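First the structure, in the form of structure tokens, and then the observations on it.
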Amino acid sequence: MARNPERRTALVDAAIEVLAREGARGLTFRAVDTQAGVPVGTASNYFASRDDLFTQAGSRIHVRMAPDPAQVDEAMRPAPTRELVVELMRWLVRRMAAERTGYLAMLELRLEATRRPALQAELNRAVRAALDENVRFHLDAGLPGDEDTVLVLYLAMTGLLVEYFTLPEMLSDRDLDALVETVVTRVLPPE
């Protein structure tokens with residue numbers, strides 16, 4: 001297996017692009033090579049199998065979609081209120097919209113995980129770690145609500161984003177910012 005970490009990352013990023021555009025069936029070594037602009041056979045030198053490529057994409061997607069810590073610090077300047085939670089959830093939606101490719105690839109990876117145990121294990125690990133970190137962050141920041149609040153917000157925002165990305169006409173008559181506010185204010189009671 002080749003050991004150039006920068007090239008491996010570029011190949012995994014190319015795999016994410018292919019997943020978002022063509023779905024799991026389109027994720028081949030040749031498609032990754034083409035997307036990355038490297039000679040045919042390069043991806044197969046970096047990944048032992050297609051399963052390995054899927055698992056690596058499952059690991060990388062969370063890195064790509066994580067917010068910049070400096071932006072998090074900036075977002076957390078206001079007092080920890082329900083209104084701040086609304087703004088944080090709006091920010092989440094804007095970030096996911098900006099990283100549309102990553103979000104679509106994540107949806108493909110989640111579906112593929114139902115058929116690939118190693119990918120499912122990796123996504124379970126990564127998503128659980130992210131959720132646990134979000135709970136810790138929420139509680140440490142003194143934001144209103146508890147662990148269950150974070151879980152319900154996670155589930156609600158995941159559902160909202162799935163609709164937004166996969167069936168955009170479903171929400172076309174609704175203002176997305178207002179919809180996010182409705183979700184948060186229904187989950188979090190007034191202070």
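The values are calculated or read from the model by the stated rules, or taken from the named source; none is laboratory data. The shown structure was predicted, so the numbers you read here are calculated from the model rather than taken from an experiment. Please note: Cβ atoms are built from the backbone with ideal geometry, for glycine as well, and neighbour counts cover all protein chains shown. Only protein heavy atoms, including side chains, enter the accessible area calculation; ligands, DNA and RNA are left aside. Shrake-Rupley method; radii C 1.70, N 1.55, O 1.52, S 1.80 Å.
A few remarks follow.
- With one equal scatterer per alpha carbon and no solvent term, the Debye-computed log10 I(q)/I(0) for the chain at 0.12, 0.17, 0.18, 0.20 1/Å reads -0.66, -1.12, -1.20, -1.36.
- Cα-centre dipole for the chain with unit charges at Cβ (Lys and Arg positive, Asp and Glu negative), debye to 20: 860 debye
- Residues of segment 1-139: accessible area per residue with a 1.4 Å probe, Å²: 54 Å²
- In order through segment 146-152: 3J(HN,Hα) via Karplus (6.51 cos²θ - 1.76 cosθ + 1.60), integer Hz, x for Gly, Pro: 10, 4, 5, 4, 5, 4, 5
- Report note on the peptides 52-62, 138-148: ranked by the mean count of other C-beta atoms within 10 Å, highest first, their order is 52-62, 138-148.
- Of the residues Val18, Ile61, Leu151, the one whose Cα sits farthest toward the positive end of the charge dipole of the chain, with +1 on the Cβ of Lys and Arg and -1 on the Cβ of Asp and Glu, is Val18.
- Percent accessible area from carbon and sulfur atoms, the chain, protein chains only, probe 1.4 Å: 53 percent
- Estimated [θ] at 222 nm from DSSP helical runs (n ≥ 4, -39500 (n - 2.57)) normalised by residues in the chain, nearest 500: -24000 deg cm²/dmol
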